[in-house]
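Derivation of every value follows stated rules applied to the coordinates shown; laboratory data play no part. Since the structure is predicted, the reported quantities are computational estimates derived from the model, not experimental observations. We place every Cβ from the backbone using ideal geometry, glycine too, and count neighbours over all the protein chains shown.
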Amino acid sequence: MKTVIFDLDGTISDSSEGIFQSFNYALHKMNAATMLRTDVNRYIGPPLDESFRSLLETNDEDIVNAAVEFFRHDYTTVGYKINDLYAGIDNVLLQLAANGYRLFIATTKKTATACDVLRHFRLDHYFQGVYGGSSTIPKPELVRHILTEHHCLHDKSVMIGDTHYDIHAAQQNGIFSIGVAWGFGEEVEISTADVVTRFPGELIQHIENLMGSD
């Protein structure tokens, strides 16, 4: 059976405004300078602790962990709802599920938060599993876990995402990769994907081209 693993932020939905507000909530609580709206994209994709080390210019784990908790408090109560589904992605999921593909999420978000986002958009029923990560569970390990737990065939599996973290995770696990250019990553960082696409409506054809349409 064919398997499609999706990233969440920047691939299925544009969560940048909610993430921006939650970052600034945390930075304000930490008495640190808040970020500009134009800067948020670079912090979407990496684990939160990595982002706050950069934003707060510290490796002090207590400070970083406090900032992460402030962010999560705001995002899980308010921020995750400030979110827009990319046009056409719901139809892609509908068609893939109807055609018998197994769909999964692999994200650096916590699993519970990712599930909240999917329920918010009423997309949760399309996915057979949602796998959240952290700095201790990097994305290649999440993808490996999905492939192993669900006995996925490597030549019948693809990872779809908007950053080099997603493409690297696919390559580390020997599966196909599709980079999406509508998300938060720079196009150059997804250029090593098997395919780069600019519109959600192109995804099904690319998936079929990579894995066959039978």
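All C-alpha to C-alpha distances of the chain, sorted into 10 Å bins beginning at zero, yield P(r) values of 9, 36, 36, 15, 4, 0 percent in whole numbers. Residues whose amide H comes within less than 5 Å of that of Ser157, counting only those at least five positions distant or on another chain, are Thr3, Phe176 (H built at 1.01 Å from N in the peptide plane). Only lysines eight or more places from Lys139 in sequence, or on another chain, were considered; those with a Cα closer than 27 Å are Lys2, Lys81, Lys109, Lys110, Lys156.
Secondary-structure-derived ellipticity at 222 nm for the chain, considering helices only, amounts to -12500 deg cm²/dmol, per-run term -39500 (n - 2.57) for DSSP H runs with n ≥ 4. If only the Cβ of Lys and Arg carry +1 and only the Cβ of Asp and Glu carry -1, the dipole of the chain around its Cα centre is close to 460 debye. Under the convention that each Lys and Arg Cβ holds +1 and each Asp and Glu Cβ holds -1, the size of the dipole of region 1-125 around its Cα centre is about 480 debye.
Projecting the Cα atoms of His145, Tyr126, Asn173 onto the charge dipole of region 118-189 (Cβ charges, centred on the Cα centre) puts Tyr126 farthest toward the positive pole.
When you filter the GluC sites (Glu not before Pro) in region 1-79 for DSSP loop state and at most 13 other Cβ atoms inside 10 Å of their Cβ, you are left with Glu57. Couplings 3J(HN,Hα) for region 181-190, derived from phi with the Karplus relation 6.51 cos²θ - 1.76 cosθ + 1.60 (θ = phi - 60°), are 8, 8, x, 9, x, 6, 4, 5, 7, 9 Hz, where x marks Gly and Pro.
Of all beta bridges DSSP finds with both residues in the chain, what is the antiparallel percent, to the nearest 5? List each step's numbers first, then the result.
Numbers: 3 of 23 bridges.
Antiparallel: roughly 15 percent of the beta bridges in the chain.
Across region 193-209, coupling constants 3J(HN,Hα) worked out from phi with the 6.51/-1.76/1.60 Karplus curve, θ = phi - 60°, read 5, 4, 9, 10, 10, 10, 9, x, x, 8, 4, 4, 5, 5, 4, 5, 5 Hz, and Gly and Pro carry x. Fewest-first ordering of Val78, Val195, Val4 by other beta carbons within 10 Å of each residue's beta carbon gives Val78, Val195, Val4.
More than 20 angstrom separation, counting every C-alpha pair in region 16-81; what % is that? In whole percent, the share of Cα-Cα pairs in region 16-81 beyond 20 Å is 14.
Which percent, to the nearest 5, of DSSP beta bridges fully inside region 87-214 are antiparallel? Could the numbers behind the result be given before it?
Working: 1 of 12 bridges.
That works out to approximately 10 percent antiparallel.
Angle of helix 61-77 to the longest C-alpha principal axis of the chain, folded into 0 to 90 degrees and rounded to 10: 60°.
From the residues Ser54, Phe20, Phe71, which one has its Cα farthest along the dipole of region 16-81 in the positive direction, the dipole being from +1 and -1 charges on Cβ of Lys/Arg and Asp/Glu about the Cα centre? Toward the positive end, the furthest listed residue is Phe20. Against the main long axis of the alpha-carbon atoms of the chain, helix 89-98 sits at an angle near 40°. The loop-placed trypsin sites (Lys or Arg not before Pro) in region 76-139, going by DSSP, that have at most 14 neighbouring Cβ atoms within 10 Å of their Cβ come out as Arg122.
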